[in-house]
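The values are calculated or read from the model by the stated rules, or taken from the named source; none is laboratory data. These numbers were taken from a predicted model, which means no experiment stands behind them. Here Cβ is always computed from backbone atoms with ideal geometry, including for glycine, and neighbour counts include all displayed protein chains.
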Amino acid sequence: MHLCFSTLGCPAWTLGQIIEAAVANGIEGIDFRGLGPEIDITKLPAFGAELDATLSQLRQRGLSMPCLNTSVALVSPSPERWQAMLDECHRYATLARRTDTRFVRIFGGGVPAGMSRDEALMMARRHLRQVVKVCRPLGVRPLVETHDDWVTSDQLLELLRELTVDEAGVLWDIEHTHWRKESPQDVFGRMGRWIRHVHVKDAVRAGGKIQTRLLGEGELPIAESMRVLCDGGYDGWICFEGEKRWDADAAEPEVSVPQFAEYMRGVFATIES
């Protein structure tokens, strides 16, 4: 397996700082989810007019871009809002093709008040088929994250039922399946053939709230999940998704990124021993 980290955890870092942190810690990839104050990287010169220079910097340091993280949510009842989502999807899929990125992350989205679960499912399936039609000609695969109202294996498999693993996949965020009390064995046992990317972080529940922790200091089953993935033959990327952009109390990236690399190497060494 390969290690990468999301820029969600380092919102104040420049592109140069992100690259140097990856190289210094032996991390092979970067998942871009914002850069500086802008969350949509397709709007930035570094991924537009200056993309060749950006790619040159990454390739010179041996770094990949495994997955681009969009804000696209399949349950978007407003036609205008959904068109904006499709436009974003096309921008990211086009960027993914130019950067040799295989996957773009999307969300199922929340089921709004007044909409039944069945109605949301029908909308999500219809919109997902549209997303596939945008991505497939560009050689890119959309991954639905275990998030929002689409977290458990039952929910994701219901959504993906009409598609094949060549058309779409799952991004497994181990935090969200854990809070829904689905074990790593059950997640991978049911969805393993769909899982193409994995997010790790750590946290605890305290006083009814979720509090971020460094890896190994919370209650999420990180080591157990890695063993399940290894035993199941998963050979993709493990992405550290620190959430400093959203959580001011999260550890600074100068601490969390090196700790992620060290912790994960320790986990893999234990599994292999």
(message) Among the residues in the range 119-129, are any touching a Lys or Arg at 6+ places or on another chain (Cβ under 8 Å) and buried (at least 20 other Cβ atoms within 10 Å of the Cβ)?
(response) no
(request) Go through PHE240, PHE268 for me and flag whichever is under 17 Å from the mean Cα position of the chain (by Cα), surrounded by 15 or more Cβ atoms within 10 Å (Cβ to Cβ) and touching a residue at least 40 places away in the same chain (Cβ under 8 Å). (result) PHE240
(message) Which count do you get for residues in the range 176-216 that are at pLDDT 95 or above, touching a strand residue (DSSP E or B) at 6+ places or on another chain (Cβ under 6 Å) and not β-branched (Val, Ile, Thr)?
(response) 10
(message) Could you check the range 1-23 and list, in sequence order, the residues that are over 19 Å from the mean Cα position of the chain (by Cα) and within 29 Å of ILE271 (Cα to Cα)?
(response) GLU20, ALA21, VAL23
(request) Examine the range 148-166 for a residue that is hydrophobic (A, V, I, L, M, F, W, C) and under 25 Å from THR99 (Cβ atoms), and state whether such a residue exists. (result) yes
(request) Check ALA84, ALA53, ALA49, ALA73 and return the single one that is in contact with a Phe, Trp or Tyr (Cβ under 8 Å, 6 or more places away or on another chain), at pLDDT 95 or above, surrounded by fewer than 21 Cβ atoms within 10 Å (Cβ to Cβ) and of a type in the set (A, V, I, L, M). (result) ALA73
(message) Can you pull out every residue in the range 212-232 that is β-branched (Val, Ile, Thr) and without any contact (Cβ under 8 Å) to a residue 12 or more places away in the chain?
(response) none
(request) Looking at (1) closer than 25 Å to SER64 by Cβ; (2) free of Cβ contacts under 8 Å to residues at least 24 places away in the same chain; (3) of a type in the set (D, E, K, R), find the lone condition where ASP235 falls short. (result) (2)
(message) Take residues that are touching a Gly at 6+ places or on another chain (Cβ under 9 Å), in contact (Cβ under 8 Å) with a residue 24 or more places away in the chain and closer than 25 Å to LEU44 by Cα and tell me which of the helices (runs of 4 or more DSSP H) falling wholly in the range 74-160 contain 2 or more.
(response) 79-98
(message) Of the conditions (1) among the hydroxyl-bearing types (Ser, Thr, Tyr); (2) assigned to a strand (DSSP E or B); (3) farther than 27 Å from ARG190 by Cβ, THR70 satisfies every one except a single condition; which number is it?
(response) (3)
(message) The conditions are (1) farther than 21 Å from PRO66 by Cα; (2) of a type in the set (Asp, Glu); (3) touching a helix residue (DSSP H, G or I) at 6+ places or on another chain (Cβ under 7 Å), and GLU241 fails exactly one of them. Which is it?
(response) (1)
